[in-house]
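Read the figures in this text as sums done on the coordinates, not as results from a lab. Given the structure is predicted, the values throughout are model-derived calculations rather than measurements. Cβ: placed from backbone, ideal geometry, glycine included. Neighbour counts: every protein chain shown.
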Amino acid sequence: MRKRAKRAKRTKRTPSPEQMRRDILTKLAVPLWPHTGWALGVGRSLTYEGAESGVIPTIEGIGRRKPVPTSWLRPKVGLGEPST
């Protein structure tokens, strides 16, 4: 019998908190999950419920992704505008 080669597990790499903070400060929009949920301190379900109900604004029309404008997110979490 031949031995089967082990497949490497596919895992999505969640960005570190520092990377998420940097993205919020430097990008025009960030993903709804995990960036926005992490910044607001809520879980995945509550984050998506907030987007569905309109509490969290999202940019529509980009496939399945629901990016959140950082211009809305920065003041909510106490981060100022990025320095130039």
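Identify the residue in the range 7-64 that is part of a helix (DSSP H, G or I) and β-branched (V, I, T) and, among all such residues, is farthest from P75 (Cα to Cα).
Residue satisfying both the conditions and the ranking: T47.
Six or more apart or on different chains, Cβ atoms under 8 Å: show the pairs whose first residue is in the range 56-82 and under 11 Å from I24 (Cα atoms) and whose second is of a type in the set (S, T, N, Q) and surrounded by fewer than 16 Cβ atoms within 10 Å (Cβ to Cβ).
Correct list of pairs: P82/T26.
Please state which one of T47, T26 is surrounded by 14 or more Cβ atoms within 10 Å (Cβ to Cβ) and hydroxyl-bearing (S, T, Y).
After ruling out the rest, the residue left standing is T47.
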